[in-house]
Structure formats: structure tokens, C-alpha cells
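All remarks here apply to the structure that follows.
The values are calculated or read from the model by the stated rules, or taken from the named source; none is laboratory data. In this text the structure is predicted, and so the values were computed from the model without any measurement. Here the Cβ is made from the backbone with ideal geometry for all residues, glycine too, and neighbour counts use every protein chain on show. The protein model used for the area step is the full one, side chains on, heavy atoms only, and it has no ligands, DNA or RNA in it. Shrake-Rupley method; radii C 1.70, N 1.55, O 1.52, S 1.80 Å.
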Amino acid sequence: MNKKNMYIFTQTPMHVGAGNEVGVIDNPIQRDKITSCPVIPGSSIKGVFRRECSFGMSETDVDLIFGSDDEKKLSAGRLAFTEASLLLFPLRSMKNAYAYATSPFLLKRFFAKSGFTFKHKIEDISPAECIAPDSLLLGKK
């Protein structure tokens, strides 16, 4: 089995709803049950890929790759997608329009899932600390 990491970078606000209604919010954001972090379910990602591939491929090929729920040709497909989880979040910046922020928790989770390594010890970052490049700093702030 081959594993590939995929990164989703949204340039506009994105909302993957949970399909439930909570008060005035008609479609709350889907969240991981354990961490409460926003997620995009693998089934949503797979559905988008399937739809895009269906424009240039035969239905048979699409069913072979993504699977079919047709009773006559039920199959699982050859691609599997896992959920997409949050790594970076844009925040307003005093010096630039915005900056991407993350946290030790999100970094640890990313490195555990992806198999990548990080040259710094994430544990050395205190909860009140912010590490930022000079291009985002105004003096020491």
C-alpha cells in the first residue's frame, strides 16, 4: 500500500458542515470528537475527487478507482481517503495582512500522522510563547 500526504490550502473561507442544526447556526463545523479541532471527512474529499474525475473518465474507470455503491457492481475502490485536519490558521497581523499560526498540539499531531520530522523540540515551546520570523515582528512584538 502506498501512502501520500495531501495538503489542502483554502484561499477563501471553507465550511464543511456536520448536517445538524444548532440554534441560529444552520450547519455547525464538523470537529474531531477527541480534539474538537475542525476536520474535513475523508468521504467529503473523496466525493470531490470523484466528481472532478468523472468529467474526463469513463464511469467504469471512476467506479474502479473510487468504488461503486450500485447493487449490481458493488466495490470498494482502489483509493482510500482519511480526514483532513487543521495545521495552520490565518490570523490578522500588525505588520502584514495576515500570518499563519499553529500550536505545539497541532504540530505534534501533524508530525505523528505524516511521518515527517521537525528539527526543533516542540516541547520547548511554552504555551505563552510565540515564535515568529522577523518579517512579522514590530520591534519585539
| query | Do we find a residue being more than 15 Å from the chain's Cα centre (by Cα) and part of a loop (DSSP other than H, G, I, E, B) anywhere in segment 36-51? | reply | no
| query | Has segment 110-121 got at least one residue that is part of a loop (DSSP other than H, G, I, E, B) and surrounded by 12 or more Cβ atoms within 10 Å (Cβ to Cβ)? | reply | no
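Within segment 122-141, track down each residue that is among the acidic types (Asp, Glu) and not in a loop (DSSP other than H, G, I, E, B).
Quick first cut of segment 122-141, residues among the acidic types (Asp, Glu) only: 123-124, 129, 134.
123, 124, 134 - these are the residues of segment 122-141 that are among the acidic types (Asp, Glu) and not in a loop (DSSP other than H, G, I, E, B).
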| said: Restricting to segment 59-95, name every residue that is among the polar types (S, T, N, Q) and either open to solvent by 70 Å² or more (accessible area, probe 1.4 Å) or free of Cβ contacts under 8 Å to residues at least 12 places away in the same chain (or both). | reply: 60, 68, 82
| request: Go through the residues of segment 71-84 one by one and say whether even a single one is over 16 Å from the mean Cα position of the chain (by Cα), of a type in the set (S, T, N, Q), more than 23 Å from residue 36 (Cβ to Cβ) and at pLDDT 85 or above. | output: no
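Does segment 82-109 hold any residues that are part of a helix (DSSP H, G or I) and of a type in the set (Lys, Arg), and which are they? Walk me through it before giving the result.
Narrowing segment 82-109 to residues part of a helix (DSSP H, G or I): 104-109.
Those that are part of a helix (DSSP H, G or I) and of a type in the set (Lys, Arg): 108, 109.
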| query | Mind checking which pairs have a first residue in segment 28-52 that is farther than 15 Å from residue 10 by Cβ and small (Gly, Ala, Ser) and a second that is assigned to a loop (DSSP other than H, G, I, E, B) and open to solvent by 40 Å² or more (accessible area, probe 1.4 Å), Cβ under 8 Å, 6 or more apart or different chains? | reply | 42/80; 42/81; 42/82; 42/83; 43/81
